[in-house]
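Q: Below is one structure. I have some questions about it.
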Amino acid sequence: MMRVFGCVFEQHDLWLVGVAALVCVLSWAGALMVLERAKVATARIRMLWLLLAGVAAGGGTWATHFVAMLAYQPQMNLGFDLATTVISALIAVTGAWGAFEIASRHLTARPAIAAGAAMSLTVTGLHYIGMAGVVAIQREWAWDLIVASVLISTAAFIVAFTLLERAKGLRGKVFLGLAFVGGVVALHFTGMGALTVAPDPFADAADVLNRGELAEAIVIGAMIMLFVAAVFSFLDRRLAAERLAGAERVQRLADAALEGILLHDDTKVFDVNGRFCALLGFEPSDLIHTPIFDLIAPHSRPDLADARAGRREYPVEAVLLGKHGPVDVEVHSRLFNAAEGLYVTAVRDVSMRRRAERAEQADVAKSQFLANMSHELRTPLNAIIGYSELISEESEEAPTREDAQRILRSARHLLQLLNEVLDLSKIEAGSMEMMVEECDLSAMAGDVSDTMRAVASARGNTLVVSLSPGLKPVQADAFRLKQCLLNLTSNAAKFCENGVITIAVKQSVGCTEIAITDTGIGMTDEQVKRLFQPFTQADASITRKYGGTGLGLSITQRLMRLMGGEVEVVSAPGKGSTFSLILPRQAEGVAHAPVALAS
């Protein structure tokens, strides 16, 4: 490290070192401003802004390097090979563009590491290829400092790209800029400290730039970058003006419409009308630039994708995720601006119609059934359960206790069947109420494990709970979510013998997944297709061998959809099954008090 500081202070013009640092700061500040503009641009225009960011960052880094080379004074005449100098500039610009392109694909851990490594490789290539273009010298390298320069630069750029999405406010932006500038400066001056030079009397002076010509090349390069930035800025302003004019026309029409209207591309929302905000319960500012899929229930996405691709016709009935729960809608969508990939979509609220249709279908078949079942079966069943428990506890004769236990198990089975039928009837009639609150997934998984461990052990199974670190609470009906988990875990214990049942909870950007995996008998694709039909199991042989009503999975699926989620199944014969409860990210402000969600 002392060798690096000695090189900077003893062999450099410190005034020009300061100029190089200033060039680096200004160029990266401009590049980060361009990246901010790219975040809100449409998909096609975003590519142009990323290219401009690459020109600003790469070109500025190249200028920083060669201004610092002008500051380098090893007491001998230096020349610069023209072709190698141009190649180093191309590497700087294209490499920075590539790093920004990687980073633009969502800055999770892996893209941030990849983008940081790509930017470090770019600056490393620029520096050492640029140094290879210095002529009239003989070089001797300290490899430990070369390795150190690459490692320091890579670490700095990975930190910078990790902060890129997280940096908020002036302080965050300053730290972000310092990370990028630090990566450039650290690599350059550590690399310079690794170099020892001596005059080369046999050097070829053809196509060589002297210091003055290099300074002119830097000025020309800076002017080219400014020109490119000005052209891009002009084009963007013109496109923005055209887009604004078109949006104003759409807004005037949208404000007069009775349907919800939104303007969007394939990834995010750009504008909405008042009716759409009222439909979902959000303010316009909550929806602008929101990812489009955050507003669509998972089970509705395939139908909308098919309609977009022309595989089915509009209108499409779908479920949107509003602030206070799911909303049934009818969707029409049309291409609005092909050049920018913009669509205009009209949304009509059909919640009342769909509730009425379901209620009418359910009422005819179940009104009389529910009236009789509720009183006529519950009362005698509770009496049977009570007397069976009493006999089982107080009888001194073993055969009598065994008979009482058989009666108790049968009565509880009938009561469970009755409760499942009543739950299904409420869901189909649209009268099931969901009490939305914060749910602690870790505690819930532990409760389910404690409840089901004895049931699993009875068939020789091991029950395992796997929780991802840092689980956050979710907004859902805790009682009903636990009911879904118990249904799936009970099924896993029923169809698995001497195996392993795993309850795994993990969270990612946009959703929470609770997976129940068993090593049991598994299912064919045909059996999976019949799973969620009421009163139906995979096939008749399953019912004969394992029993069951065929209602648990149907209820689980419908309860999950009421909470804006879905149930997914992966299974293969003889290889077990995985049932996953998928809960999408809920909008901020979802009630912490009871909210009624109709099916």
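Q: Select from the stretch 301-317 the residues that are within 17 Å of D265 (Cα to Cα) and either surrounded by 15 or more Cβ atoms within 10 Å (Cβ to Cβ) or charged (D, E, K, R) (or both) and list them in ascending order.
A: Once the filter is applied, which keeps residues that are within 17 Å of D265 (Cα to Cα) and either surrounded by 15 or more Cβ atoms within 10 Å (Cβ to Cβ) or charged (D, E, K, R) (or both), the stretch 301-317 yields R301, L304, D306, A307, R308.
Q: Can you name the residue in the stretch 326-351 that is over 16 Å from G274 (Cα atoms) and among the hydroxyl-bearing types (S, T, Y) and is also surrounded by the fewest Cβ atoms within 10 Å (Cβ to Cβ) among such residues?
A: Looking at the filtered set, the residue picked out is S351.
Q: May I ask you to list the residues in the stretch 493-518 that are closer than 25 Å to P469 by Cα and more than 25 Å from the chain's Cα centre (by Cα)?
A: Within the stretch 493-518, V500, I501, D518 qualify.
Q: Answer yes or no as to whether E526 is farther than 27 Å from H413 by Cβ, assigned to a helix (DSSP H, G or I) and at pLDDT 85 or above. Write out each step before concluding.
A: Numbers: farther than 27 Å from H413 by Cβ: yes; assigned to a helix (DSSP H, G or I): yes; at pLDDT 85 or above: yes.
Taking the combined requirement at face value, the residue satisfies it.
Q: On to the next question. Exactly one of these conditions fails for V421: (1) surrounded by fewer than 16 Cβ atoms within 10 Å (Cβ to Cβ); (2) modelled with pLDDT under 85. Give me its number.
A: (1)
Q: Can you name the strands (runs of 3 or more DSSP E) wholly within the stretch 388-499 that have at least 3 residues being of a type in the set (A, V, I, L, M)?
A: Strands (runs of 3 or more DSSP E) meeting the threshold: 462-467.
Q: Check K506, K472, K494 and return the single one that is buried (at least 17 other Cβ atoms within 10 Å of the Cβ), of a type in the set (D, E, K, R) and over 16 Å from Q557 (Cβ atoms).
A: After applying the criteria, what remains is K494.
Q: Follow-up question, since we're still on this one. Confirm whether I427 is at pLDDT 80 or above, hydrophobic (A, V, I, L, M, F, W, C) and surrounded by 14 or more Cβ atoms within 10 Å (Cβ to Cβ).
A: No.
Q: For E101, indicate whether it is assigned to a helix (DSSP H, G or I) and at pLDDT below 75.
A: On the way: assigned to a helix (DSSP H, G or I): yes; at pLDDT below 75: no.
For E101, the condition - assigned to a helix (DSSP H, G or I) and at pLDDT below 75 - is not met.
Q: Sticking with this structure for a sec: Which residues, taken from the stretch 360-381, are touching a helix residue (DSSP H, G or I) at 6+ places or on another chain (Cβ under 8 Å) and modelled with pLDDT of 70 or more?
A: Selection gives Q361, L377, R378, L381.
The values are calculated or read from the model by the stated rules, or taken from the named source; none is laboratory data. As the structure is a prediction and not an experimental result, all values here were calculated from the model. Note: ideal-geometry Cβ built from the backbone for every residue, glycine included; neighbour counts use all protein chains shown.
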